[in-house]
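Step one of this worksheet: look at the structure below.
The values are calculated or read from the model by the stated rules, or taken from the named source; none is laboratory data. Note that the structure is predicted; figures quoted are calculated from it, not measured. Ideal geometry is used to build each Cβ from the backbone, glycine not excepted, and the neighbour counts take in all protein chains shown. Protein only, heavy atoms only, side chains kept; ligands, DNA and RNA dropped before computing areas. Shrake-Rupley method; radii C 1.70, N 1.55, O 1.52, S 1.80 Å.
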Amino acid sequence: MTDEVYGAPPRGWFIADVAGASMLPTLRAGDLLVVRARRDPMAYRRGQLALVHFDARPGRVMVKRVQEARPGGLWVAGDNPSASDASEKFGLAHPLGKVAARLWPRPKLCRSGRPGANRG
C-alpha cells in the first residue's frame, strides 16, 4: 500500500495504490483502489477490505482484510499469509478507509463482507 502518510488523514473519497504481495490473490501491486475515508472501527464488518495503519509502524499505510471490529480498532490479516504482517504481529489496526472498488487494471466493486467473495 502507499508507504508513507503525509499530513492529515484523507477525507471523503480518495485513490490508493497497492504495493507488495500481502493481499494476493485479491489485490496485486499496481492496483488502484477507490477508498471511502472511515475512521470508526465499529463501521467495519468481517471480510471487508480496509486501509489501515498500526502504531508499531508509524508512517506506513496498508490494505488488509477485517477479521474483527473492536471499539479500539480492527483485527486484520492479509490474504497471503506468507507475505503479510498484520494484527498477529502488530496488534489492533487503526482504520483510515473502506475499500469500495478496484479501479485499475481490473475494475471490480467490493460489496461483500464475506472473505474471498471479491477475489479475481
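The figures follow:
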{"quantity": "Whichever residue in the range 78-91 is at pLDDT 95 or above and surrounded by 19 or more Cβ atoms within 10 Å (Cβ to Cβ) and, among such residues, is farthest from residue 25 (Cα to Cα)", "calculated": "87"}
{"quantity": "Selection count, the range 68-77, where residues are open to solvent by 30 Å² or more (accessible area, probe 1.4 Å) and in contact with a strand residue (DSSP E or B) (Cβ under 7 Å, 6 or more places away or on another chain)", "calculated": "2"}
{"quantity": "Single unsatisfied condition, residue 51 versus (1) part of a strand (DSSP E or B); (2) farther than 18 Å from residue 11 by Cα; (3) not β-branched (Val, Ile, Thr)", "calculated": "(2)"}
{"quantity": "Of residues in the range 23-67 being touching a residue at least 60 places away in the same chain (Cβ under 8 Å) and on the phi > 0 side of the Ramachandran plot, the one most open to solvent (accessible area, probe 1.4 Å)", "calculated": "30"}
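Okay, residues lined up against (1) among the polar types (S, T, N, Q); (2) at pLDDT 95 or above; (3) part of a strand (DSSP E or B); (4) closer than 22 Å to residue 88 by Cβ:
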residue: 1; (1), (2), (3), (4): no, no, no, yes
residue: 8; (1), (2), (3), (4): no, no, no, no
residue: 11; (1), (2), (3), (4): no, no, no, no
residue: 16; (1), (2), (3), (4): no, no, yes, no
residue: 23; (1), (2), (3), (4): no, yes, no, yes
residue: 33; (1), (2), (3), (4): no, no, yes, no
residue: 42; (1), (2), (3), (4): no, yes, no, yes
residue: 46; (1), (2), (3), (4): no, yes, no, yes
residue: 58; (1), (2), (3), (4): no, no, no, yes
